[in-house]
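Student: I'd like to ask you about the structure that follows.
The values are calculated or read from the model by the stated rules, or taken from the named source; none is laboratory data. This structure is a prediction, so every number in the text was calculated from the model and none was measured. Heads up, the Cβs are rebuilt from the backbone with ideal geometry, glycines too, and the neighbour counts pull from every protein chain shown. Ligands, DNA and RNA are stripped out before the accessible areas are found, and what is left, the full protein with its side chains, is counted by its heavy atoms. Shrake-Rupley method; radii C 1.70, N 1.55, O 1.52, S 1.80 Å.
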Amino acid sequence: MSFLNRIMSAGRVRTAARRVAKEPTPTAYAELAQEYAVAGDVEEVLRVTAEGLRLFPGDVELKRLGERTRSLRLESRIRELQQELRSAPRPAVRKELCELLIEAGRVARAEEVANEWHQSTKSGESAYYRALARTERFFADRRRDDGRQAYDLVKAAEDALPGDPRPVRLMLQLCSRLGAWSDARRSIARLLEHFPGDPALEARFRTVVALSDGSKGIDQALREVERSGRLVDDEPEKKEAPESGNVRPMLQSLVKEPGVQAAFFTRGSTALVQGPKGATAERAARGVREVVGGCRAAARKLGLGAAQSARLEGDFGTLVLVIGEQGSAAVWCDGPSNNRHEESLRQLAGAASAAGNTEQSS
């Protein structure tokens with residue numbers, strides 16, 4: 001930035017700051033943060049967005065600016081570390097790089113760095129970060145093979161770092177999120193050897209002891225997580241019947257399209273059905289839920305990430321599904337589906353509400 005541009009940018013920053021002081025609105029904070037971004041002052045962008053969010057929690061623009069700035073700062077530091085690693089590889093650089101890659105969601109790359117580190121040094125520290133990366137990969141994709149490898153790598157890290165509580169904490173996190181409470185109890189007992197008398201650990205130990213009677217083993221827990229796609233501490237699926245007014249009209253419109261036999265919206269154990277009636281509607285909704293679950297499980301097993309859509313074709317016609325975070329939508333046509341059907345499904349899958357137990361409407 002030239003000297004003149006710096007002067008102009010500083011003037012705009014002062015003007016925006018005075019506007020915030022006079023009338024502290026979300027828009028004023030966002031404009032001040034943007035002026036700091038133009039000036040290249042990342043820390044001030046983060047400070048201003050954090051201050052704004054304390055006053056206006058939930059403001060979308062301030063959140064977006066803060067998250068974008070943190071992401072840019074993170075990526076900049078990752079690039080610096082990668083250059084350092086090429087020129088002078090050392091444990092501190094590899095450690096920070098693995099941590100930042102995991103924070104950025106680039107778990108596969110973090111695992112590559114940790115594996116290269118371990119191959120060159122065979123150190124306990126590299127064993128720990130290799131285990132950490134594989135564990136995070138399992139938490140992201142929920143594949144049984146990843147979970148089994150994570151468990152074995154954490155055990156290896158515990159052996160390589162016998163006086164270090166970090167691998168033990170990682171094992172406790174893995175077993176607790178799986179619901180393998182007997183293994184979690186052993187990990188807490190080992191942590192209490194490191195931190196005798198710790199009140200939080202003792203309280204957790206009592207809770208886990210109560211859960212561990214007849215609890216699942218690691219392999220059984222991994223199979224169940226891969227099948228369901230859910231860890232113990234995931235948010236529970238909503239089973240109440242929220243307002244379905246914005247879903248029902250879309251289903252009714254979709255089922256009136258030529259060739260459409262049925263339209264569905266499902267979330268967890270709940271469903272809205274348009275077209276079939278009575279027991280036929282219940283069977284159809286159950287079948288759609290099973291297909292959605294099967295698609296998700298198959299995607300996890302193959303390491304493909306999250307399933308987003310599926311199409312089944314046969315003598316019955318065509319069943320098209322769109323799988324979203326808030327719910328899944330499907331349409332059954334007696335012939336091929338068209339783009340309009342699929343656009344409607346995408347809108348339904350992104351809806352924020354669903355219905356309660358299986359419902360049928362005319």
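Student: Calculate the spin-label point distance for ASN339 paired with GLU290, positioning each point 7 Å from the Cα along the beta-carbon direction, and give it in nanometres.
Tutor: Placing both labels 7 Å beyond Cα along the Cβ direction yields 3.5 nm.
Student: Right, another one. Expressed in nm to one decimal, what extension gain is obtained for the pair ARG90 and GLN252 from 0.36 nm per residue of sequence separation less their Cα-Cα distance?
Tutor: Separation in residues times 0.36 nm, less the Cα-Cα distance, equals 52.1 nm.
Student: To continue, here is another question. Can you work out ³J(HN,Hα) from phi for every residue in the range 14-19, in order, using Karplus 6.51 cos²θ - 1.76 cosθ + 1.60 and θ = phi - 60°, giving whole Hz and x for Gly and Pro?
Tutor: 4, 4, 5, 5, 5, 5
Student: Here's another thing I want to ask about it. Just how large is the dipole of the chain about the Cα centre, in debye to the nearest 20, putting +1 at every Lys and Arg Cβ and -1 at every Asp and Glu Cβ?
Tutor: 220
Student: If you roll a 1.4 Å probe over the chain with all protein chains in place, what percent of the accessible area is carbon or sulfur?
Tutor: 50
Student: Work out the length of the dipole vector of the range 1-119 about its Cα centre, built from +1 on the beta-carbon of each Lys and Arg and -1 on the beta-carbon of each Asp and Glu, and round it to the nearest 20 debye.
Tutor: Dipole size: approximately 300 debye.
Student: Next question, about the same structure. Could you grab the relative contact order for the chain? Cα pairs under 8 Å, six or more apart, rounded to a whole percent.
Tutor: Once divided by the residue count of the chain, the mean separation gives 10 percent.
Student: While we're here: Helix-only mean residue ellipticity at 222 nm, the chain, DSSP H runs n ≥ 4 weighted -39,500 (n - 2.57), per residue, nearest 500. What is it?
Tutor: When only DSSP H runs of four or more count, the value is -21500 deg cm²/dmol.
Student: Residues with beta-carbon under 14 Å from that of GLU290, excluding GLU290: net charge, scoring Lys, Arg +1 and Asp, Glu -1?
Tutor: Spelling it out: positives minus negatives among the neighbours equals +4.
Student: Can you bin the range 91-212 into rounded, prolate or oblate? Criterion: square roots of the alpha carbon gyration tensor eigenvalues sorted a ≥ b ≥ c, rounded for a/c under 1.5, prolate for a/b above b/c, oblate for the rest.
Tutor: Verdict is prolate for the range 91-212.
Student: Given an 8 Å cut-off on Cα distances and at least 6 residues of separation, report the relative contact order of the range 66-117 as a percent.
Tutor: 31
Student: Over all pairs of distinct alpha carbons, what does the Kirkwood formula give as the hydrodynamic radius of the chain, in Å?
Tutor: 24.6
Student: Quick one: go through the range 329-349 and flag any residue whose amide nitrogen is under 20 Å from the point 7 Å out along the Cα-to-Cβ line of GLN308.
Tutor: 329-331, 337-349
Student: Count charges around GLU112 for me, please; just the other residues with Cβ under 12 Å from its Cβ, Lys/Arg as +1, Asp/Glu as -1.
Tutor: Neighbourhood net charge equals +4.
Student: Please calculate how many Å² of accessible area the chain carries per residue, with a 1.4 Å probe and no DNA, RNA or ligand atoms counted.
Tutor: On a per-residue basis, the chain sits at 53 Å².
Student: Moving on. Taking just the alpha carbons, could you work out the radius of gyration and Dmax for the range 250-348, both in angstroms?
Tutor: According to the Cα coordinates of the range 250-348, Rg and Dmax are 12.7, 38 Å.
Student: Between LEU211 and PHE195, with labels modelled 7 Å along Cα→Cβ, what's the label distance in nm to one decimal, could you check?
Tutor: 1.7
Student: With a 1.4 Å probe and all protein chains in place, put LYS256, LYS155 in order of accessible area, largest first.
Tutor: Of LYS256, LYS155, the descending order of accessible area is LYS256, LYS155.
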